[in-house]
Every structure is written in C-alpha cells, then in structure tokens.
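One structure is given below, encoded as structure tokens.
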Amino acid sequence: MTWLLLAEAGVPEGGLFDLDATLPLMAVQVVLLTFLLNALFFRPVGKVVEDREGFISTSRADAKQKLAQVERLEADLAEQLKGARQAVQSVIVDAENEVDGLYREALAQAEAEANRTKEESRRGIEAERESARAQLKGKVDQLSTTIINRLLAA
C-alpha cells in the first residue's frame with residue numbers, strides 16, 4: 001500500500017531523471033503480465049508445438065521404417081522374379097531338348113520305316129524277277145524244245 005501512496009504523491013520537479021514509485025510498479029506489472037501470459041498463452045501454445053514436433057518425429061520414424069520395409073520387400077520380389085525367370089528359362093530349355101529328342105526319334109522311326117519298306121520292295125522286286133526268270137526259262141526251254149522238234153521233224 002505504501003507503494004500506491006508513493007505513486008500518487010506529487011512529482012517533484014527538477015532533475016534529469018525522477019525516480020519515484022512508478023518504476024517498481026511498472027516492474028511488478030511486467031512480472032505479473034509475464035506470468036499471466038506464460039500461464040494463459042505460452043504454455044498451451046508451447047505444449048501444442050511440442051506435441052506437434054513429437055507427432056512429426058514419430059511420423060518420420062514410422063515413414064523411415066516403412067520405407068526400409070518396402071525396400072526389403074522390393075529386394076525380395078526382385079530375387080523371386082530372378083528365380084522365376086531362371087526357372088522359366090530352365091523349363092524352356094528342357095522343353096526344347098524334349099522336342100528335339102522327339103523330333104530325332106520320329107526322324108529315326110521314319111528312316112527305319114522307309115528303309116524297311118525299301119528292303120521289302122527290293123525283296124519283292126527280286127522275287128518277281130526270279131519268278132519272271134523262272135517262267136521265261138520254262139518258256140525258253142519249251143520253245144527251244146518245240147523248235148528242236150520241228151527242226152527234227154522236218
């Protein structure tokens with residue numbers, strides 16, 4: 001209360017700086033205003049800012065983990081794709097080898113069948129030739145006998 005009385009007291013005139021109760025009263029007002037602003041505005045705003053920074057750092061950490069997980073999955077999928085390509089290439093090579101084997105087998109069978117048919121045909125022709133020779137020989141013998149008989153009879 002004495003401060004208030006001093007603040008209301010008349011101001012002496014003179015001097016470059018007059019020091020009276022106004023200075024401590026202003027200091028008290030500044031300190032009270034600082035505590036009041038801190039309690040009403042700065043702490044809640046600071047808390048919101050800290051919460052937001054925490055959320056951002058947590059979100060960044062989660063994003064880094066998810067990115068690492070995606071990179072691992074991508075590497076795994078690339079490895080699986082590589083394995084699948086190798087398996088497909090192996091299947092293609094096996095199929096080509098099998099087709100080539102079947103082709104060679106079919107070709108060998110066809111050649112064997114052609115050779116067998118050719119041999120049978122040769123045997124058939126040879127048999128017919130021998131049969132024709134035997135018939136001709138028989139007819140030649142018969143004609144020669146007939147010619148000899150006619151020549152002897154005449």
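Read-outs throughout are calculated quantities, based only on the coordinates presented, and are distinct from any laboratory measurement. Since the model is a prediction, treat every value here as computed from it, not as a measurement. Here Cβ is always computed from backbone atoms with ideal geometry, including for glycine, and neighbour counts include all displayed protein chains.
Per 0.36 nm of contour for each residue apart, how much would the distance between Arg104 and Gln142 grow if the chain were fully extended, relative to their Cα-Cα spacing?
Working: separation 38, 0.36 × 38 = 13.68 nm, distance 5.57 nm.
Length difference between fully extended and current span is 8.1 nm.
To the nearest 500 deg cm²/dmol, what mean residue ellipticity at 222 nm is calculated for the chain from DSSP H runs of n ≥ 4 alone, each contributing -39,500 (n - 2.57), summed and divided by the residues?
Helices in the chain give a 222 nm mean residue ellipticity of -32500 deg cm²/dmol.
Output the Kirkwood hydrodynamic radius of segment 51-109, Cα pairs only, in Å rounded to one decimal. If you can, show how the numbers build up before the last one.
Working: mean 1/r = 0.0640 Å⁻¹.
One decimal place: 15.6 Å for the Kirkwood radius.
Considering the values (i) -1.09, -1.19, -1.21; (ii) -0.88, -1.07, -1.14; (iii) -0.85, -1.17, -1.29, which represents log10 I(q)/I(0) by the Debye sum over Cα atoms at q = 0.16, 0.19, 0.20 Å⁻¹ as calculated for the structure under consideration?
Answer label, from the structure shown: (i).
Could you work out the local net charge near Val70, counting Lys and Arg as +1, Asp and Glu as -1, over the other residues with Cβ closer than 13 Å to its Cβ?
Numbers: positive: Lys64, Lys66, Arg72; negative: Asp62, Glu71, Glu74, Asp76.
Summing Lys/Arg as +1 and Asp/Glu as -1 gives -1.
To the nearest 10 degrees, how steep is helix 43-153 against the longest Cα principal axis of the chain, on a 0 to 90 scale?
It works out to around 0 degrees.
Report the extension gain between Leu73 and Val88 in nm, rounded to one decimal, defined as 0.36 nm multiplied by the number of residues separating them, less their alpha carbon distance. Please list the in-between numbers first.
Details: separation 15, 0.36 × 15 = 5.40 nm, distance 2.20 nm.
Additional length available on full extension: 3.2 nm.
How tilted is helix 22-37 with respect to the longest principal axis of the chain? Cα atoms for both, answer in degrees (0 to 90, nearest 10).
Roughly 30 degrees, rounded to the nearest 10.
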